[in-house]
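Since the structure comes first, as structure tokens, the remarks are kept for the end.
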Amino acid sequence: MIVGIVGGGQLARMMALAGIPLGLQFIFLDPATDACAAQLGEHLCGAYDDAALLNTLAEKADLVTYEFENVPISAIATLEQKINLYPAQAVLASAGDRIYEKNLFRSLDIATVPFASVNSFAELEEAVKTITLPAVLKTRTLGYDGKGQVVLRHHDDLASAWSRLGTVPLILEGFASFQREISVISVRGRDGEMVFYPLSENVHCDGILHTAKSCPADPRQSLAEAYARRIMEKLNYVGVMALELFDSGNELLANEMAPRVHNSGHWTIEGAVTSQFENHLRAILGLPLGSTQAKGEATMVNIIGTIPDISQILSVPNQHLHLYNKKPYPGRKLGHVTRWSASQPIT
Ligand code: AMP
């Protein structure tokens, strides 16, 4: 069985590392000549919307998935006409645009921050009147790791934010004053079966995820699961989905969903009975889903920009290193470390 993946970065790489023991083979479409998943399968090197390469991918693979949502929707639509593709293109259309995504949350009675669509400076000024400051101005599409967003604190910030972002459609969001950020990694099989991992508690630095800690028996688990369940049922979702949430203490607000395996779920490799990567493959292949039960507690820390001393990392008992074989540059995710503990809480 050959699984095609649109994207050949670390998420595709970790999917392949989980799928090879299941007897799967992989083929990746990625424009980067040094795509880090390429070590683990065939690499089709070229643009995501290259018609010939999309054809080859559909011909060679038995089914296709994708590792990130910033793929041209037209490419995914093309693939979906030729081959089984999960999650479906309609999912990507909802998740790839922050306005559609937040409208979906609202329609499902999932609490979220106040928001407004912004297409001109006049609309920005108007939206600020109702949403009030502080607020966050974001691009509707193609934002990730805090890119494509600016926090507006004073009225004076509007003009510079507009000149930075105003060339594309935007969303203005109310600023959530949260106590913590959490996410729920959920899985839905082809037959509609759903399983949920224990929540992750996430710390971001400069908009990039820095640390994700598993939270078995968290008081927010059931509400977070209820939100994810509503979304996956509505979209007839197949695969792993991450839902990122702000916990304000009083309210649980949905920030965004990712229709894929997610950085805040990397701890599941060592910290859960079945990893998010294996469960994504099981879901899209129509296989029984694996247990999401936590094995003790786990904390994952991203390696960003430079690779630290490997010996030092590996000298700590129960600590695991994952390097993605990517060239270092500032702000780039190069790997992660997971510390796992069977019984003791990790500090
Ligand atoms: P996002 O790309 O939407 O996941 O945003 C990246 C990070 O920016 C989030 O994880 C939060 O730490 C912060 N952030 C995003 N949106 C908001 C918001 N509306 N209010 C407060 N902080 C936010």
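See the values below:
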| read-out | value |
| --- | --- |
| Count of region 142-165 residues which are over 21 Å from Lys333 (Cα atoms) and either open to solvent by 20 Å² or more (accessible area, probe 1.4 Å) or within 12 Å of the ligand (Cβ to nearest atom) (or both) | 13 |
| Residue in region 261-288 that is most open to solvent (accessible area, probe 1.4 Å), counting only those that are under 14 Å from Thr338 (Cα atoms) and in a helix (DSSP H, G or I) | Ile269 |
| Single residue of region 178-206 satisfying the filter (open to solvent by less than 10 Å² (accessible area, probe 1.4 Å) and over 24 Å from Glu251 (Cβ atoms)) that is farthest from the ligand (Cβ to nearest atom) | Gly189 |
| Residues of region 319-345 classified as surrounded by fewer than 16 Cβ atoms within 10 Å (Cβ to Cβ) and touching a Lys or Arg at 6+ places or on another chain (Cβ under 6 Å), total | 0 |
| Condition check for Ala38: over 21 Å from Val238 (Cα atoms) and either over 21 Å from the mean Cα position of the chain (by Cα) or assigned by TED's automatic domain parsing to the domain that holds His322 (or both) | no |
| Single residue of Leu29, Leu92, Leu54 found to be open to solvent by less than 70 Å² (accessible area, probe 1.4 Å), assigned to a helix (DSSP H, G or I) and within 18 Å of Pro259 (Cβ to Cβ) | Leu92 |
| Failed item in (1) of a type outside the set (Gly, Ala, Ser); (2) modelled with pLDDT under 95; (3) within 14 Å of Ile182 (Cα to Cα); (4) loosely packed, with under 14 Cβ neighbours inside 10 Å, with Pro216 passing the rest | (4) |
| Members of region 125-141 found to be within 12 Å of the ligand (Cβ to nearest atom), open to solvent by 50 Å² or more (accessible area, probe 1.4 Å) and polar (S, T, N, Q), listed by number | Thr141 |
| Number of positions in region 166-177 that are outside any strand (DSSP E or B), within 16 Å of the ligand (Cβ to nearest atom) and surrounded by 14 or more Cβ atoms within 10 Å (Cβ to Cβ) | 3 |
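The values are calculated or read from the model by the stated rules, or taken from the named source; none is laboratory data. Model, not experiment: these values are computed from the prediction. Virtual Cβ from ideal backbone geometry, glycine too; neighbours counted across all protein chains shown. Heavy atoms of the whole protein, side chains included, go into the accessibility calculation; ligands, DNA and RNA do not. Shrake-Rupley method; radii C 1.70, N 1.55, O 1.52, S 1.80 Å.
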